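Notes for the one structure printed next.
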Amino acid sequence: MATKFQMTDDQLKRKSEYDRNGWPQIMTREDIELYMQRQWLTIQKFYGNRPDWPVRKVGEVWSVPLDDWRGFLSAFYTGRIYEGLKDVAYGEPDE
């Protein structure tokens, strides 16, 4: 059974700041944990095996553009495959 995600005081402060001022345009692993309120291993286990997983590791840093992460989650929860930033063009009719 997964343990409940426990935020440190620093994480609570960062999340509050992000909620107020907006999330970073390039999110790191730590930002994704805050956004999802889940531990990284749980996030990887749940989403990481999909072919459209948008998170990339460069050196030792995992990161993803915020719009790609939101588009991926939208596609995931609506049963689609995320096809890149064209998926985040909301309000446009499907082709």
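The values are calculated or read from the model by the stated rules, or taken from the named source; none is laboratory data. Predicted model, so just to flag it, every value in this text is computed and none were measured. For neighbour counting, all protein chains shown are included, and Cβ atoms are generated from backbone atoms with ideal geometry for every residue, glycine included. All accessible areas refer to the heavy atoms of the entire protein, side chains included, with ligands and DNA or RNA removed. Shrake-Rupley method; radii C 1.70, N 1.55, O 1.52, S 1.80 Å.
Tabulated data
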quantity	calculated
Mean accessible surface per residue for the chain, computed with a 1.4 Å probe while every protein chain stays in place, in Å²	72 Å²
Two-decimal ratio, the chain, of alpha-carbon radius of gyration to 2.2 N^0.38 Å	1.15
Pairs of lysines in the chain (C-alpha under 22 Å apart; 8 or more residues apart or interchain)	4
Candidates GLU60, GLU33, GLU83: whichever shows maximal mean-square fluctuation once the chain is modelled as a Gaussian network with Cα springs under 10 Å	GLU60
Dipole of segment 23-87, positive end: most advanced residue of GLN37, LEU66, ILE81 [Cβ charges, Cα centre]	ILE81
Computed lengthening from THR78 to ASP52, 0.36 nm per intervening residue step minus Cα-Cα distance	8.0 nm
